[in-house]
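Okay, so here's the structure we're looking at.
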Amino acid sequence: MNVNGTPTRTLWPARTGRAVEIIDQTALPHALRTLRLSTLEDAAHAIRSMQVRGAPLIGATAAYGVALALAARADDAALAAALATLAATRPTAVNLHWALARMQVALAPRPPAERADLAWREAAAIADEDAAQCRHIGEHGLALLRPLAERRGRLDVMTHCNAGWLATVDHGTALAPVYAAFEAGIDVHVWVSETRPRNQGLLTAWELKQHGVPHTLIADNAAGLLLARGGANAIDAVIVGADRIAANGDVANKVGTYLKALAARESGVPFYVAAPRSTVDFACASGTAIPIEERAGDELRVVHGCDAALAPVQVRQIPADEAVANPAFDVTPARLVSALITERGLCAASADGLLGLYPEARSEMPAQAHRENARA
Ligand code: MRU
């Protein structure tokens with residue numbers, strides 16, 4: 001997608017040496033800064049500290065992390081250590097674990113002397129495939145949005161967190177249909193919720209602005225009011241991304257997603273989840289089995305911004321000894337999801353719906369996933 005009018009990805013191989021470059025998302029929206037990742041530890045730190053973030057992007061970064069590790073040492077012990085280090089960075093987004101499993105399958109059977117080059121090629125393939133899959137999500141999402149836009153002559157979409165191109169290698173998941181609608185000449189406008197405490201909504205606003213897509217930032221707590229009002233100001237659809245979709249269609253995504261799904265259901269607004277295959281955990285029977293990341297309390301206690309000269313500043317808003325809880329994700333039950341938008345098309349958020357699109361995953365799916373749907 002465009003930054004200052006130039007097509008840009010969120011990570012790319014460096015021009016010189018075995019390294020990758022990334023957009024440092026901790027500096028956005030105030031500064032556009034790139035960072036060079038040259039080692040396994042650089043990649044692990046980038047994921048842990050959220051210099052890169054968003055489920056598909058951390059998967060691609062982890063794949064390159066393995067490649068960077070093997071460029072230094074490629075024996076079995078080095079491969080196992082790289083996989084373990086990267087797997088421990090963040091728990092909820094399954095794309096990370098999917099990418100590591102794919103790297104292991106590709107690399108472990110090969111002699112160490114071949115592994116470094118192969119790892120580099122495999123990581124590049126994961127990144128390219130992610131960009132292509134997100135583009136397809138956009139095309140399928142556009143087919144869904146077009147009739148909604150035709151009803152009113154315009155389209156209002158609400159999203160949560162950042163599931164745009166910054167969360168992927170390119171195009172985004174939830175925002176891919178929005179970008180496709182914009183490119184198709186549809187009069188589209190996006191309601192962007194701030195997404196406390198990390199404020200990933202500010203990244204969404206930044207990337208929409210870069211691309212010229214009309215949008216409005218709202219406090220998270222304003223979403224219910226906006227979803228409830230119909231008529232000329234109605235919201236046509238909510239579209240969010242996902243960090244892990246269980247085999248029964250339950251969706252883990254940024255904390256606050258569940259509240260939006262409840263408000264959307266109450267208001268009769270369709271609630272869509274856009275995600276590629278790498279976000280579906282067919283081995284996970286239901287959302288109750290998804291590990292939810294608990295992040296540092298200081299993300300609530302300390303607010304980050306910048307001063308008039310755009311230098312970063314931090315402001316403590318809660319005393320250090322105040323007890324806080326900071327779950328980073330929540331689980332939206334499948335019954336609140338109108339449909340999943342994937343690179344293969346749309347499906348119901350259910351075991352049958354997912355198997356209809358991905359029949360090859362049948363052997364991975366526990367029988368309990370079907371029972372969970374029957375119970376719901
Ligand atoms: O904690 P983050 O910023 O990595 O969480 C990101 C989200 O929850 C996104 O909505 C999700 O990854 C969707 S992916 C495009």
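Numbers for the structure displayed
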item	result
Selection within the stretch 202-250 - within 13 Å of the ligand (Cβ to nearest atom) and in contact with a helix residue (DSSP H, G or I) (Cβ under 7 Å, 6 or more places away or on another chain)	203, 207, 238, 239, 240, 241, 242, 243, 244, 245
Criterion violated by residue 56 - all others in (1) buried (at least 24 other Cβ atoms within 10 Å of the Cβ); (2) out of contact with any Pro (no Cβ under 8 Å at 6 or more places or on another chain) satisfied	(2)
Inter-residue pairs, beta-carbon under 7 Å, first touching a residue at least 24 places away in the same chain (Cβ under 8 Å) and in the stretch 81-105, second of a type in the set (Val, Ile, Thr) and surrounded by fewer than 18 Cβ atoms within 10 Å (Cβ to Cβ), 6+ apart	92/292
Residue 207 being surrounded by fewer than 18 Cβ atoms within 10 Å (Cβ to Cβ) and assigned to a helix (DSSP H, G or I)	no
Flag for residue 272 being more than 19 Å from residue 165 (Cβ to Cβ), aromatic (Phe, Trp, Tyr) and within 16 Å of the ligand (Cβ to nearest atom)	no
Residue 93 vs. criteria within 16 Å of the ligand (Cβ to nearest atom) and either in the same structural domain as residue 327 (by TED's automatic domain parsing) or modelled with pLDDT of 95 or more (or both)	yes
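Rundown of residues vs (1) within 16 Å of the ligand (Cβ to nearest atom); (2) touching a helix residue (DSSP H, G or I) at 6+ places or on another chain (Cβ under 6 Å); (3) more than 15 Å from residue 125 (Cα to Cα), yes/no style:
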position	(1), (2), (3)
6	no, no, yes
27	yes, no, yes
62	yes, yes, no
73	no, no, yes
83	no, yes, yes
100	no, yes, no
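The values are calculated or read from the model by the stated rules, or taken from the named source; none is laboratory data. This structure is a prediction, so every number in the text was calculated from the model and none was measured. Note: ideal-geometry Cβ built from the backbone for every residue, glycine included; neighbour counts use all protein chains shown.
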